[in-house]
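Scroll down for the structure; my scribbles are underneath it.
The values are calculated or read from the model by the stated rules, or taken from the named source; none is laboratory data. Please read these numbers as outputs of a predicted model, since none were measured by experiment. Please note: Cβ atoms are built from the backbone with ideal geometry, for glycine as well, and neighbour counts cover all protein chains shown. Surface areas here come from the heavy atoms of the whole protein model, side chains and all, with no ligands, DNA or RNA. Shrake-Rupley method; radii C 1.70, N 1.55, O 1.52, S 1.80 Å.
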Amino acid sequence: MSAPRAAWRLLRALLQLLKGVAIVALKFPSLDAAGRHREIQRWSAGVLKALGVALVVEGHPRAGAGLVVANHVSWLDIAALHACCPQARFVSKADVLGWPVVGWLVRSVGTLFIERASKRDALRVVHQMAEALQAGQCVAVFPEGTTSDGQGVLPFHANLLHAAITTATPIQPAVLRYADPLHAVSPAAEFVGNTTLLQSVWNIVSARGLTVRVRWLPSQASAHADRRALAAALQQQVEQALQRG
């Protein structure tokens, strides 16, 4: 991808970011939940389009209360999932609050933040998640706790699954795969190691034909499940679906 084309995409993405700020500041106060979800979906799809990323969706997120668990590849995962499941409230690491503008935006759409190094904070977030699920909301988590290179799936942590188990809320796995014409798993989307956010953004806007595929797997019951066994089973399902392409 030529540098001018990449720079144009980056400019469009920055304009879309500013649009998001305007929507949250000016429109959200007068909108009900359904109206906010429509705006989140349109804005997220606009982010992908501005960055030159095509979205392919297989299956559907379940309606009503549910816990979405997905593999984690990039900061772009949230936009991809929100473009097809705008009602989801994500659990994100607290570091994101420090990202300029983005931190404010994600907080404004109901994101729950967690200090991953603190067991006490994990208990607080599990309680918040349980309250949201009992209220009929959808909550989304990345049980790996960090990003991978997209080739496979890291071990799923079980702690946050406790919120679904205690509220007997169905869990639905979602599988994210980034690909381009030359790679079944595109390196352009990787956000691992020493890669900075700016480097990751430039890699994405410089990519040719980058596609993110979101595959929704069948939801399953969680009541009375052993959380560690459930985490292992969900990890296996996501990894098998990822390997199938």
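Could you tell me which of 81, 155, 106 has its Cα farthest along the dipole of the stretch 32-168 towards the positive end, charges placed at Cβ (Lys, Arg +1; Asp, Glu -1), taken about the Cα centre? So the residue furthest toward the plus end is 106. Averaging the sequence gap over all C-alpha pairs within less than 8 Å and six or more residues apart, then dividing by the number of residues, gives the stretch 1-77 a relative contact order of 39 percent. Seen from a random direction on average, the alpha-carbon convex hull of the chain projects onto 12.4 square nanometres. Principal-axis analysis of the Cα atoms of the chain puts helix 3-22 at an angle of about 50° to the longest axis. Contact order, relative form, for the chain: 26 percent (alpha carbon pairs under 8 Å, 6 or more residues apart, mean separation divided by residue count). Between helix 119-134 and the chain there is an angle of about 90 degrees, using the helix long axis and the longest principal axis of the Cα atoms. Heavy atoms of the protein chains alone define the surface here; on that basis the chain has 48 Å² accessible area per residue at 1.4 Å probe size. For the chain, carbon and sulfur atoms together expose 57% of the accessible surface, with a 1.4 angstrom probe and every protein chain in place.
Relative to the dominant Cα principal axis of the chain, helix 227-244 is inclined by about 40°.
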